[in-house]
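What follows is a set of notes on a single structure, which appears directly below.
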Amino acid sequence: MSADLALQKALRARLVATSAVTALVPASAILDRHTAPVVDPALILGETVEALDPSAASDNRVTFAHTLHVWKKEPSFTGAKLIVAAIRAALKGNRPALENGYHLAGWRVASARFLRDPDGLTSHAVVTVEATVGGGAL
């Protein structure tokens, strides 16, 4: 298993295990898929950028920028912003163990961008979670 996949699994597990998140987005709507969501609201695990951590003394740490896409039918950004706040809070506190000997040095919501979907009915937030992973087979 890659470090990216281990991180992605831990990220989804944290989100579905956090009641503040699932009060706003049901766990069954926190998905890893390529198509547009058919449920409302939805949280879709998205794209990842992977880079060697420039602060590491060797090549044993990788920094990831993992995107989450929040979708909510609403006339404003209120619901999307509440979901993003719940995601940010969910990543605070203890760091989860990762599979295959990887360890999470830290993660945080680095940015959130709020967009109006062209359908005129849906708010879309693109959340970037930055994480540093070490160990495993890096």
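The values are calculated or read from the model by the stated rules, or taken from the named source; none is laboratory data. Values in this document were obtained by computation on a predicted structure and should not be read as measured data. Cβ placement follows ideal geometry from the backbone for every residue including glycine, while neighbour counts extend to all protein chains displayed.
Assorted remarks:
Okay, residues lined up against (1) at pLDDT 95 or above; (2) buried (at least 16 other Cβ atoms within 10 Å of the Cβ); (3) not in a loop (DSSP other than H, G, I, E, B):
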| position | (1), (2), (3) |
| --- | --- |
| VAL62 | no, yes, yes |
| LEU68 | yes, yes, yes |
| SER76 | no, no, no |
| TRP107 | yes, yes, yes |
| ALA112 | yes, yes, yes |
| ALA125 | yes, yes, yes |
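- Every condition in (1) in a helix (DSSP H, G or I); (2) at pLDDT below 95; (3) under 20 Å from ARG113 (Cβ atoms) holds for ASP4 except the one numbered (3).
Residues are listed down the side, and each one gets a yes or a no for (1) in a loop (DSSP other than H, G, I, E, B); (2) touching a residue at least 12 places away in the same chain (Cβ under 8 Å):
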{"position": "GLN8", "(1), (2)": "no, yes"}
{"position": "LEU11", "(1), (2)": "no, yes"}
{"position": "ARG14", "(1), (2)": "no, yes"}
{"position": "VAL25", "(1), (2)": "yes, yes"}
{"position": "THR35", "(1), (2)": "yes, no"}
{"position": "VAL38", "(1), (2)": "yes, no"}
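- Selection within the range 114-123: residues that are out of contact with any His (no Cβ under 9 Å at 6 or more places or on another chain) and either within 11 Å of ARG88 (Cβ to Cβ) or not in a strand (DSSP E or B) (or both). The member of this set that is modelled with the highest pLDDT is LEU121.
- Residue in the range 106-116 that is within 19 Å of THR63 (Cα to Cα) and in contact (Cβ under 8 Å) with a residue 60 or more places away in the chain present: yes
- Residues of the range 77-92 satisfying the condition of being of a type in the set (Lys, Arg) and under 14 Å from the mean Cα position of the chain (by Cα): ARG88, LYS92
- Options ALA86, ALA131: the member that is in contact with a helix residue (DSSP H, G or I) (Cβ under 6 Å, 6 or more places away or on another chain), surrounded by 13 or more Cβ atoms within 10 Å (Cβ to Cβ), part of a strand (DSSP E or B) and in contact (Cβ under 8 Å) with a residue 60 or more places away in the chain: ALA131
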